[in-house]
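A.B. asks: Below is one structure. I have some questions about it.
The values are calculated or read from the model by the stated rules, or taken from the named source; none is laboratory data. All values reported here derive from a predicted model rather than from experimental measurement. Virtual Cβ from ideal backbone geometry, glycine too; neighbours counted across all protein chains shown.
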Amino acid sequence: MLLINLLLIVNTFAVQCTEPQASTCEAQQCDTVDGTEICMQCQTGKVPINGICTETTQPDATTNCKKENDSPLDGSDQTCGQCVGTYFLYKGGCYLAGSGTGGKLCTGATDGVCKTPANGYFIPPGATKADQSVVACGETTEVTLKDTKKYKGVKYCTRCAAPPAAGDVGTAAIAICSACEETHSLNQQDNVCNALPSFQCVSGKLEPLGDTHVCTQCSEGYVPINGVCTAKDDAANCKKADGGTLDPTAQTCGQCTDAYFLYRGGCYDSAQGIGKKLCTKAAAGVCTTPAAGYFVPPEAQPKDQSVLSCGETTDLVLVSNNKKYKGVAFCSACTAPPPAGDVSIAAAAVCSTCQSGYDLLQEENVCRQSNGCTIPSCKTCSSDKKTCNECDQGKFLTPTKEACLSSCPAGSYTSGSACSACDPSCATCAQAGADKCTSCYPGSALVYSTDGSAGTCIPECTGAFAEHCAANSCIGKIGGSNYCVKCDNGYAPIDGICTAVGGTGRAASACTPGDGICTACTGDYYLLSGGCYQTTKLPGSSVCTEVKAGQNGQCQTCANGQSANGQGVCPSCPDNCATCSTTSTCSACFSGYYLTADTCTKCTENNGEVTGVTSCLSCAAPSSGRGSIICYVKTGSNSTGSNTHLSSGAIAGISVAVIVVVGGLVGFLCWWFVCRGKA
């Protein structure tokens, strides 16, 4: 019976042997002791002595190794049944205590039984010379003694004491662990070694959570359970996103079951431990009651992360519907927002309490620093904390001094570490001046200068854009402004201007004319609203950036994010929308407008809970979705808060005044010298 049990233990731990063991040891019957390979079952006629297969006729074998019934060895033996003197039995072989490989297991033995185990091992109570009398503290396979009682260690344990004698022969007595491997921590109450979050965690995937850390992605075959990498076969509550069994190479959980919920790639138990600090109740794999400081995103499913920190500022995208949610920076208590309406905009939690040192601006749903700058990324702010004087490195101060941005916004250009206002007529520019515009606000059109790099913005349907345009035909909306769709005979719309056709100019030759319109276009021009528009300059580039070769001006790539239809026509976005995810869902607005609830609204106008700002030219909606817009550029402002450029209307007014004054002066002088001279 003992030999059967011994062979069962041997087979349980057996691994492939290497040379020189492979030549004398049975296949798959090797193990290691502190890095040294040992044989547990030799080829017939040999037995393991100090881990090495030795002929049964050799003195080391005949003297120290016996059959289980204490009889001498014969040529049929492959393992030892018991040991003699200072040798002790371990996994089918006899080992000398206190020396070599045996000394790594046991430092003292008497009458074939280990009496003093080496560090990391324990002696099963009642072990005889016919029993394995030393067991590793981390051994998880049961060792059965001759009296049929069973013993085992604690997984990942490195130091322990022997347990009391086993009482029930069917239940293994477990060693009492006192130290664990470096990757695990000891839970003395439960006598287990719990893995640390760093165990089997992919580099860079150990993230802070409260006063501890959690792993968000494990090595292959392990998944995060309660923040710790766990063998996938031991992770019953972790499934693939479709609910199926985990793959052998799994590294994260796709969804959870029962009272576990998904959080940062892992499954967490809502009833205990770190999971309870995130969510106090979960059902069917979804958190239903968040812990303090957290909220549950509306409509979350088992394959979604179903709890989010009130202070989390990174968007959480729900896998089930692509909707986005986030918290509020420095918020410590909140409630969930209504379900997100637009998949492109994250719905923010409604903050009720901010972290210490921050004040809640309830209307704006923002936590602002109590004793410092109120503008994110501001290095030095004004005394009233309402504007910024200097931004953090890498950020640019807007002309209104109300924001620090990664790049200068529309209506301004980079000037050192700040943004200077363009001429009020320019939506974008590279430098100051009314003739330095590179794009215009909706309702205006760009007249390029001779070099074609910049130009002047004039009202739509005026100047060159009105000449030779047929009556009531300046109605084609392109890039937010109207352009001529039909010209007088002999002309056709090219880049929005009625151009004489039939000539030799490059632009004219790009158009196939027909009764005041273009019927086809060539080169890098595409056909739109009866005209040919170049894809590399405005207004054409605001609609199409690439044409189909040889297709008479059909568009290949639309500028607004939509796909051209079969006729090469780009579907339109909503009014004042520059790009859109669908023809009814805007993702970015034209300059001078802000996006809220899928709608583009002028910076000076209100929309729902968002308030516009008078004289604002460039802006963004508040991150909270309510309150005043963030105005970047105002009429009459630059980086120092004053205007250095006059609008074209102001210049015209001044010119008229000068003419009137000069004319009056000349008339007076004529009267003085002529009329008075006759007197």
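A.B. asks: Quick one: what pairs do we get from the stretch 223-239, first residue more than 13 Å from Leu262 (Cβ to Cβ), second surrounded by 18 or more Cβ atoms within 10 Å (Cβ to Cβ) and β-branched (Val, Ile, Thr), C-beta under 6 Å, 6+ apart or different chains?
C.D. replies: The qualifying pairs are Lys232/Val223.
A.B. asks: If you go through the stretch 217-249, how many residues are outside any loop (DSSP other than H, G, I, E, B), out of contact with any Asp or Glu (no Cβ under 9 Å at 6 or more places or on another chain) and not acidic (Asp, Glu)?
C.D. replies: Qualifying residue count for the region: 10.
A.B. asks: Could you tell me which numbered condition Gly480 fails, if it satisfies all but one of (1) over 16 Å from Gly531 (Cα atoms); (2) at pLDDT 95 or above; (3) in contact with a Phe, Trp or Tyr (Cβ under 8 Å, 6 or more places away or on another chain)?
C.D. replies: (2) is the only condition that Gly480 fails.
A.B. asks: Wholly within the stretch 477-583, which strands (runs of 3 or more DSSP E) include no fewer than the required count, namely at least 1 residues that are under 29 Å from Ile345 (Cβ atoms)?
C.D. replies: Once the strands (runs of 3 or more DSSP E) in the stretch 477-583 are filtered for at least 1 residues that are under 29 Å from Ile345 (Cβ atoms), what remains is 481-484, 544-547, 555-558, 577-582.
A.B. asks: Are any of the residues in the stretch 162-184 without any contact (Cβ under 8 Å) to a residue 12 or more places away in the chain and part of a strand (DSSP E or B)?
C.D. replies: So far as the stretch 162-184 goes, no, none of its residues is without any contact (Cβ under 8 Å) to a residue 12 or more places away in the chain and part of a strand (DSSP E or B).
Let's see how each residue does on (1) in the same structural domain as Leu89 (by TED's automatic domain parsing); (2) in contact with a strand residue (DSSP E or B) (Cβ under 8 Å, 6 or more places away or on another chain); (3) surrounded by 16 or more Cβ atoms within 10 Å (Cβ to Cβ); (4) on the phi > 0 side of the Ramachandran plot:
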{"site": "Ala130", "(1), (2), (3), (4)": "yes, yes, yes, no"}
{"site": "Val135", "(1), (2), (3), (4)": "yes, yes, yes, no"}
{"site": "Thr140", "(1), (2), (3), (4)": "yes, yes, no, no"}
{"site": "Lys149", "(1), (2), (3), (4)": "yes, yes, yes, no"}
{"site": "Cys160", "(1), (2), (3), (4)": "yes, yes, yes, no"}
{"site": "Thr171", "(1), (2), (3), (4)": "yes, yes, no, no"}
{"site": "Ala175", "(1), (2), (3), (4)": "yes, yes, yes, no"}
{"site": "Ser178", "(1), (2), (3), (4)": "yes, yes, no, no"}
{"site": "Gly204", "(1), (2), (3), (4)": "no, no, no, yes"}
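A.B. asks: Oh, and also: Look through Gly243, Gly254, Gly265, Gly275 and report the one residue that is buried (at least 24 other Cβ atoms within 10 Å of the Cβ) and among the small types (Gly, Ala, Ser).
C.D. replies: That would be Gly275, the only listed residue that is buried (at least 24 other Cβ atoms within 10 Å of the Cβ) and among the small types (Gly, Ala, Ser).
A.B. asks: Suppose we keep only residues that are part of a strand (DSSP E or B) and aliphatic (A, V, I, L, M) within the stretch 283-293. Which one would you say is surrounded by the fewest Cβ atoms within 10 Å (Cβ to Cβ)?
C.D. replies: In this case the residue turns out to be Ala283.
A.B. asks: A follow-up question, please. Kindly provide the set of residues from the stretch 243-259 that are among the charged types (D, E, K, R) and closer than 16 Å to Gly285 by Cβ, ordered by number.
C.D. replies: Answer for the stretch 243-259, where residues must be among the charged types (D, E, K, R) and closer than 16 Å to Gly285 by Cβ: just Asp258.
A.B. asks: Against the condition over 21 Å from Val317 (Cβ atoms), among the β-branched types (Val, Ile, Thr) and either within 20 Å of the chain's Cα centre (by Cα) or crowded, with 24+ Cβ neighbours inside 10 Å (or both), how does Val228 come out, does it pass?
C.D. replies: For Val228, the condition - over 21 Å from Val317 (Cβ atoms), among the β-branched types (Val, Ile, Thr) and either within 20 Å of the chain's Cα centre (by Cα) or crowded, with 24+ Cβ neighbours inside 10 Å (or both) - is met.
A.B. asks: Next up: Could you tell me how many of the residues in the stretch 454-465 are within 15 Å of Asp495 (Cβ to Cβ) and in a loop (DSSP other than H, G, I, E, B)?
C.D. replies: Count: 2.
A.B. asks: Follow-up question, since we're still on this one. Given (1) closer than 25 Å to Pro399 by Cα; (2) not assigned by TED's automatic domain parsing to the domain that holds Gly455, where does Ala578 come up short, assuming only one miss?
C.D. replies: (2)
A.B. asks: Quick one: which of Thr280, Thr252 is part of a strand (DSSP E or B) and at pLDDT 95 or above?
C.D. replies: So the residue among Thr280, Thr252 that is part of a strand (DSSP E or B) and at pLDDT 95 or above is Thr280.
A.B. asks: Also, I was wondering about something else. Only one of these is in contact with a helix residue (DSSP H, G or I) (Cβ under 8 Å, 6 or more places away or on another chain), closer than 25 Å to Ala27 by Cα and not basic (Lys, Arg): Gly51, Gly100, Gly75, Gly85. Name it.
C.D. replies: One residue alone meets the criteria, Gly51.
A.B. asks: In addition: Only residues that are under 21 Å from Asn560 (Cβ atoms) and either in a loop (DSSP other than H, G, I, E, B) or in contact with a His (Cβ under 9 Å, 6 or more places away or on another chain) (or both): list them for the stretch 442-453, please.
C.D. replies: Selection gives Pro442, Gly443.
A.B. asks: Now a separate question. For the stretch 95-111, name all the residues that are farther than 16 Å from Gly51 by Cα and either not hydroxyl-bearing (Ser, Thr, Tyr) or not assigned by TED's automatic domain parsing to the domain that holds Ala61 (or both).
C.D. replies: If the condition is that a residue be farther than 16 Å from Gly51 by Cα and either not hydroxyl-bearing (Ser, Thr, Tyr) or not assigned by TED's automatic domain parsing to the domain that holds Ala61 (or both), then Gly108, Ala109, Asp111 are the ones that fit.
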